[in-house]
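Beneath this line is the structure, given in structure tokens, with notes to follow.
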Amino acid sequence: MRSVTGRSDSSDRPLFSPMRSFQPAHLLFKLLLVGQIFLCTSCSPLNMQNSEPIVWSGIVEIDQDLVFSPESELIILPGTEVVFHRAVPAHDTFRGHPNFVGYELIIRGRVSAVGTAESPIVFRSVDPEGGAGSWGGINLVESPDARFERCQFKQADSAIHSQNSTVAVENSIFENNLVGVRFHDSEILIESNLFQNNRTAIRFHFGAPVICLNTLRNNDRGLFITSYPLDYHIENNSFLNNLHGNVILGEEVPDDVELARNYWGTTDAANIAPTFYDGQRDDYIGHVRFEPFLLQPAGGSGGVWNQ
């Protein structure tokens, strides 16, 4: 089996080398690339510009920012672990907004990461004890087609960040991230996922989201809408025990937000309203309109394959 790592040392070798072995021998890392890649020999990000699909399997270590061109297609096979090392500032080229501190996959092309119940795809830090923000995120920039299904995302700043992209996120688990999914100006489906123990589960402005059948529990914030939600459809989700609010409306949300047909962990409307930060707290922002609401969680919600 070929081994691969993006780890850097003091030699003059490329930072990302698909032919180099990694020791000790009991740790095996494999990256299968269909087509030719262009190697980077400096501290600048590695640009993936393949005309043929790039296929990842096994354990793939990320030791610098990777940028996938608009013509590229990345396919991540079931059971793959994508492991992000702690960033060295000299190699962490993209650190300012709209990027994050920590290594990232910056995807301008197509990506398909479809795991199975038996073999999910995992995105995580190399340090199993690392906290939220140990790596940057998957940054989708005008991606025409991005699909994530039966994936686990752990310890990222923003696990998925979509900008002007078309995205489907289904049957996946987001845990211990600063933000699970954040997006703007995107057509995005977020369905049947579990968000737990994140700083914020879902954060967005603008865009056309369909957010259904998710469980958002034990996060600091459940749903954070920062400004001007437009064409959205958000129902049949379960919001449970999100410490600082199930729904937070930002300063640029002057209109009411329609969130009927969701489950809020109780059947008492008087106990639901206080879980929102909306016009009842600041009169210059809109109100969350949550009635009628579900009396129990919707069937099949929230990453059922792993519960």
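How many of the residues in region 167-203 are small (Gly, Ala, Ser) and part of a strand (DSSP E or B)? Let's see the steps before the verdict.
Restricting attention to region 167-203, the residues satisfying the condition of being small (Gly, Ala, Ser) are 168, 172, 180, 186, 192, 201.
Those left that are additionally part of a strand (DSSP E or B): 168, 180, 201.
Selection size over region 167-203: 3.
Can we say Glu291 is surrounded by fewer than 22 Cβ atoms within 10 Å (Cβ to Cβ) and in a strand (DSSP E or B)?
On the way: surrounded by fewer than 22 Cβ atoms within 10 Å (Cβ to Cβ): yes; in a strand (DSSP E or B): no.
For Glu291, the condition - surrounded by fewer than 22 Cβ atoms within 10 Å (Cβ to Cβ) and in a strand (DSSP E or B) - is not met.
Looking only at region 117-130, decide whether some residue is of a type outside the set (Ser, Thr, Tyr), out of contact with any Pro (no Cβ under 9 Å at 6 or more places or on another chain), surrounded by fewer than 23 Cβ atoms within 10 Å (Cβ to Cβ) and free of Cβ contacts under 8 Å to residues at least 40 places away in the same chain. Quick ask: steps written out before the conclusion?
Initial filter on region 117-130 (of a type outside the set (Ser, Thr, Tyr)): 117-118, 120-124, 126-130.
Pick out the ones that are also out of contact with any Pro (no Cβ under 9 Å at 6 or more places or on another chain) and you get 117, 122-124, 126-130.
Add one more test, that the residue is surrounded by fewer than 23 Cβ atoms within 10 Å (Cβ to Cβ), and what stays is 117, 122, 124, 126-130.
After this cut, where a residue has to be free of Cβ contacts under 8 Å to residues at least 40 places away in the same chain as well, the list is 128-129.
Yes, that holds for at least one residue.
Just checking, does region 278-298 include any residue being more than 22 Å from the chain's Cα centre (by Cα), at pLDDT 95 or above and among the hydroxyl-bearing types (Ser, Thr, Tyr)?
no
Can you confirm whether region 203-214 contains a residue that is more than 17 Å from Gly250 (Cβ to Cβ) and under 15 Å from the mean Cα position of the chain (by Cα)? Can you show your working first?
Start the filter on region 203-214 by keeping residues that are more than 17 Å from Gly250 (Cβ to Cβ), which leaves 208, 210, 212-214.
Imposing the further condition that a residue be under 15 Å from the mean Cα position of the chain (by Cα) reduces the set to 214.
Yes, because at least one residue in region 203-214 is more than 17 Å from Gly250 (Cβ to Cβ) and under 15 Å from the mean Cα position of the chain (by Cα).
Quickly run through region 144-172 and pick out the residues that are more than 20 Å from Pro120 (Cα to Cα), surrounded by fewer than 24 Cβ atoms within 10 Å (Cβ to Cβ) and not acidic (Asp, Glu).
Within region 144-172, Pro144, Gln163, Asn164, Thr166 qualify.
Can Gly245 be described as at pLDDT 95 or above, touching a Phe, Trp or Tyr at 6+ places or on another chain (Cβ under 9 Å) and either aromatic (Phe, Trp, Tyr) or assigned to a strand (DSSP E or B) (or both)?
No.
Taking region 139-160 on its own, how many of its residues are more than 14 Å from Ser69 (Cα to Cα) and not in a loop (DSSP other than H, G, I, E, B)? Show your work before the answer.
Filtering region 139-160 down to residues more than 14 Å from Ser69 (Cα to Cα) leaves 147-160.
Applying the additional criterion that residues be not in a loop (DSSP other than H, G, I, E, B) yields 147-149, 151-154, 156-160.
Matching residues across region 139-160 total 12.
Under the condition of being among the aliphatic types (A, V, I, L, M) and buried (at least 21 other Cβ atoms within 10 Å of the Cβ), which residue from region 221-257 is farthest from Tyr277 (Cα to Cα)? Steps first, answer last, please.
The initial filter retains those residues of region 221-257 that are among the aliphatic types (A, V, I, L, M), namely 223, 225, 230, 234, 240, 243, 247-249, 253, 257.
Applying the additional criterion that residues be buried (at least 21 other Cβ atoms within 10 Å of the Cβ) yields 223, 225, 234, 247-249, 253, 257.
Values: Leu223: 10, Ile225: 10, Ile234: 17, Val247: 6, Ile248: 5, Leu249: 6, Val253: 11, Val257: 12 Å.
The residue in question is Ile234.
Quick check on this structure: which one of Asn271, Asn237 is without any contact (Cβ under 8 Å) to a residue 24 or more places away in the chain and polar (S, T, N, Q)?
Asn271
The values are calculated or read from the model by the stated rules, or taken from the named source; none is laboratory data. Quick caveat: nothing in here was measured; it's all calculated off a predicted structure. Methodologically, a virtual Cβ is constructed for each residue, glycine included, from the backbone with ideal geometry; neighbour enumeration extends over all protein chains shown.
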